[in-house]
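See below for the structure under consideration.
The values are calculated or read from the model by the stated rules, or taken from the named source; none is laboratory data. Just so it is clear, the model here is predicted, and its values are computed rather than measured. Counting neighbours? That spans all protein chains shown, and the Cβs are built from the backbone with ideal geometry, glycine included.
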Amino acid sequence: VWVLLRALRRRWAAYKYRFVPWLALNLRRQRRTLRYVPESSQDKIISDEDVFETLLKTFKALFLNDFSRQADILALLPEVKCQYLELLTLKQKWSKVTSCNHGSQQVFTPEEVLLNTLGFTVSRDRSSLVSAGTGVFVTKGFVPKGTVVSMYPGTVYRKHEPIFFQSLGNPFIFRCIDGILIDGNDKGLSRSVYRSCRRRDQLGPFQMSDESWLTASPQNPLAVGQYVNNCSHEKAANVCYQEFDVPGHFPVELKQYLPNIIYSHDIESHLRCVVLVTLRDIKQGEELFSNYYTVVR
């Protein structure tokens with residue numbers, strides 16, 4: 001009986017944020033866990049250009065680190081190949097100056113690439129909140145205020161697209177201000193839908209999204225945002241969600257690191273991503289906490 005009660009309690013703790021009557025009763029009482037913005041157009045901590053530049057910088061570093069396995073892509077993009085070869089040459093020269101490695105290209109883990117590029121790493125671990133399950137921590141380095149620290153992965157659903165069965169018992173569905181939904185569940189039907197959409201959109205060697213976030217070792221180490229827990233009265237929010245539409249000129253060779261995919265292939269629109277941006281400086285060892293509710297006045 002106690003095992004059943006604990007299981008029901010865990011289910012309720014995850015589901016209550018999507019239960020409208022519970023939300024209505026608790027919005028007034030839990031003002032500390034709410035985030036207010038004057039209007040939807042002002043729901044940005046940093047500019048879209050800053051988000052774009054951070055993702056571009058990180059993905060280029062990951063691409064260069066994995067350069068030896070990009071031959072099929074680069075064979076179809078000779079101009080792009082020349083640009084990356086120049087960057088790789090500069091990187092290797094810098095490595096020789098700063099280390100004794102004079103051999104072949106040194107390959108780092110994705111987490112090490114993130115640390116070398118942005119100055120920090122994030123990873124999943126047991127949350128510091130009781131009964132909160134998994135959380136996300138800054139495991140190395142320092143994160144300044146106004147920095148993209150994570151991404152919310154998953155399948156992107158437009159309004160009126162079918163998500164009923166995927167949503168059953170699913171605490172990982174994120175609702176954007178304009179009604180777009182992102183299913184960040186890495187298990188069950190949600191997992192199968194994401195993988196199916198990814199295979200559908202692949203063009204030869206070009207992968208339009210990353211599916212490694214479904215595993216314990218994502219090749220994009222930022223793609224752990226679905227495990228960031230809601231803030232509490234004791235633990236104030238130190239990050240917030242920010243919506244970002246991937247522009248059409250985003251480099252095709254770097255799309256393999258985007259942890260999102262559009263559900264309907266026939267819809268002409270930019271890919272919606274959601275990043276988490278720091279509200280203050282965050283030190284090594286701190287857990288990330290967000291606001292699950294954004295109230296637009």
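If I filter the stretch 147-183 down to residues being exposed (fewer than 14 other Cβ atoms within 10 Å of the Cβ) and at positive phi, which single residue comes out as farthest from the chain's Cα centre (by Cα)? If you could, list the steps in order and put the result at the bottom.
Pass one, the stretch 147-183, residues exposed (fewer than 14 other Cβ atoms within 10 Å of the Cβ): 159-160, 162, 164-165, 168-169, 175, 178-179.
Among the residues that remain, those that are also at positive phi are: 160, 169, 179.
On the way: His160: 24, Gly169: 21, Gly179: 19 Å.
It comes out as His160.
Each row is one residue, and each column tells you yes or no for (1) of a type outside the set (D, E, K, R); (2) modelled with pLDDT of 80 or more; (3) under 27 Å from the mean Cα position of the chain (by Cα); (4) under 17 Å from Leu254 (Cβ atoms).
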{"residue": "Leu76", "(1), (2), (3), (4)": "yes, yes, no, yes"}
{"residue": "Cys82", "(1), (2), (3), (4)": "yes, yes, no, yes"}
{"residue": "Leu90", "(1), (2), (3), (4)": "yes, yes, no, no"}
{"residue": "His102", "(1), (2), (3), (4)": "yes, no, no, no"}
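Kindly check whether there is at least one residue in the stretch 111-128 that is of a type outside the set (S, T, N, Q), over 18 Å from the mean Cα position of the chain (by Cα), outside any loop (DSSP other than H, G, I, E, B) and modelled with pLDDT under 85.
Within the stretch 111-128, none of the residues are of a type outside the set (S, T, N, Q), over 18 Å from the mean Cα position of the chain (by Cα), outside any loop (DSSP other than H, G, I, E, B) and modelled with pLDDT under 85.
I need the full set of residues from the stretch 184-243 which are outside any helix (DSSP H, G or I), loosely packed, with under 14 Cβ neighbours inside 10 Å, in contact (Cβ under 8 Å) with a residue 24 or more places away in the chain and in contact with a strand residue (DSSP E or B) (Cβ under 9 Å, 6 or more places away or on another chain), in order please.
Correct list: Ala236 only.
Within the stretch 269-291, does at least one residue satisfy the condition of being within 29 Å of Val80 (Cα to Cα), surrounded by fewer than 19 Cβ atoms within 10 Å (Cβ to Cβ) and either within 14 Å of the chain's Cα centre (by Cα) or aromatic (Phe, Trp, Tyr) (or both)?
Taking every residue of the stretch 269-291 in turn, at least one turns out to be within 29 Å of Val80 (Cα to Cα), surrounded by fewer than 19 Cβ atoms within 10 Å (Cβ to Cβ) and either within 14 Å of the chain's Cα centre (by Cα) or aromatic (Phe, Trp, Tyr) (or both).
Condition first: in contact with a helix residue (DSSP H, G or I) (Cβ under 7 Å, 6 or more places away or on another chain), modelled with pLDDT under 95 and among the polar types (S, T, N, Q). Can you find one or more residues in the stretch 262-282 that meet it?
Checked against the condition, which is being in contact with a helix residue (DSSP H, G or I) (Cβ under 7 Å, 6 or more places away or on another chain), modelled with pLDDT under 95 and among the polar types (S, T, N, Q), the stretch 262-282 yields no hits at all.
On the given criteria, is Ser47 at pLDDT 75 or above, exposed (fewer than 13 other Cβ atoms within 10 Å of the Cβ) and under 30 Å from Ala237 (Cβ atoms)?
yes
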